1. Using bins 5 angstrom wide from zero, how does P(r) for segment 154-326 break down, in % of all Cα pairs?
2. Write down the percent of antiparallel bridges among all DSSP beta bridges whose residues are both part of the chain, to the nearest 5.
3. Percent of accessible area on the chain owned by carbon and sulfur, 1.4 Å probe?
4. Between segment 32-49 and segment 70-125, what is the C-alpha centre distance in whole Å?
5. Just to be sure I understand the curve: with the Debye formula and one point per C-alpha of the chain, what is log10 I(q)/I(0) at q = 0.12, 0.16 Å⁻¹?
6. How many Å² of accessible area per residue for segment 196-313, probe 1.4 Å?
7. Quick one: grab Rg to one decimal and Dmax as a whole number for segment 26-151, Cα atoms only, in Å.
8. What is the calculated FRET efficiency for residue 296 to residue 35, with r their C-beta to C-beta distance and R₀ = 41 Å, to the nearest 0.05?
Amino acid sequence: MSNLAEGIEPVLPDAKMHLVLPTAPVVGKVVTSKSCMKGKSASFIRHLAVDVSGTPLEGNFLVGQSFGVVPPGVDANGKPHKVRLYSISCPSWGEDGQGKVVSTTPKRVLDERQPQKPSDDPEDHSLFVGVCSNHLCDLRPGDEVMVSGPNGKRFILPVDPSQHDYLFLATGTGIAPFRGMAMELFQHPKGPTTSRVELVMGAPYTTDLLYDDLFTDLAAKHKNFRYHTAISRERRPDGRRGLYVHQYLEEQLDHFGDMLRNPRTLIYVCGLAGMQVGLFHILARHGLDAGYLTIHEEIASIPPADWTAEQIKRRVRQTHRCMLEVY
Ligand SMILES: Cc1cc2nc3c(=O)[nH]c(=O)nc-3n(C[C@H](O)[C@H](O)[C@H](O)COP(=O)(O)OP(=O)(O)OC[C@H]3O[C@@H](n4cnc5c(N)ncnc54)[C@H](O)[C@@H]3O)c2cc1C
């Protein structure tokens, strides 16, 4: 244990990485593809399970890591498509219990085309279809998919998970690793964890919630697991505006404050790039940042309430007790 004010540093396992390189991907076979959304939505997000048995990935990934997918074909320059990363959404023992089937949570990237660089035609508003996400979402059971990895060594559970309590904060497909982590912690062959685990899932509308049945079920079975939802674009039953994840946390500080002050607690944040900014701000504004954040001296004398988003992005860093995976 380190200095109590800094909290208990997590001891992480040595994650295996890059066993399969994207330049020489291996073939996985799709086992399952199904929607994992709560309702009808403008987004399309699926739960996709891929059999990687017989490849170096078999049995060699950890919950929280990601893996690579190399889409078929070539890009606009005639070069093979680049690899894209997808978070693993199953426990370390896989969907099958033996580490042979890995899963993820791809969201179709679909939009009206918008200029990305000055030379792009500003009048072109034709449909933009993301290459790899749509390739993945189109796949059917039995189809082949080129995979690489595993990737990432920081966004994983500690060697001895019972040493810690967990605050999981997700937006959108950022829920993927928390599906795996919740299963690893509560459906472990050696029995469910006794750690306190709280998950806050952020989504624009209730229908956009992902794996809602699983989390509702785990919360009903385990009193040390709480499942919270922060719905940003719907009014709440009492007419108040919707909340983003960090706003929800701030509104519920009576509930989360003790946990955040507890030296055992680890925070995991996964989802939209930038979602950490609001979190860092409320932690600092409420004096709850000790152990989770380091603040650069350049802004240390400025009251946190006056920090700009830019200052937070550049001058506040997370410690080992605050894991971040944003994209
Ligand atoms: C560690 C990590 C884990 C991830 N986990 C997941 C996951 O679990 N699930 C998931 O769905 N994704 C995940 N991603 C994101 C994923 O890697 C891909 O970036 C995403 O699926 C988009 O890839 P694509 O090939 O479909 O889109 P691309 O074809 O690569 O298109 C996206 C790019 O096109 C441009 N673009 C975007 N919108 C427009 C527009 N309207 N008009 C013109 N150009 C545009 C942008 O430059 C953008 O970067 C993760 C990323 C990382 C780094």
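1. 1, 8, 18, 21, 21, 16, 9, 4, 2, 0
2. In the chain, approximately 55 percent of DSSP beta bridges are antiparallel ones.
3. On the chain, the fraction of accessible area on carbon and sulfur atoms equals 52 percent.
4. Taking the Cα centre of segment 70-125 as reference, the centre of segment 32-49 is 15 Å away.
5. Results for the chain at q = 0.12, 0.16 Å⁻¹ read -0.89, -1.46.
6. Heavy-atom accessible area per residue stands at 49 Å².
7. 16.0, 51
8. The value I calculate is 0.40.
The values are calculated or read from the model by the stated rules, or taken from the named source; none is laboratory data. Source: prediction; values computed, not measured. Positions of Cβ are generated from backbone atoms using ideal geometry, with glycine treated the same way; all protein chains shown enter the neighbour counts. Ligands, DNA and RNA are excluded from the accessible area calculation, which covers all protein heavy atoms including side chains. Shrake-Rupley method; radii C 1.70, N 1.55, O 1.52, S 1.80 Å.
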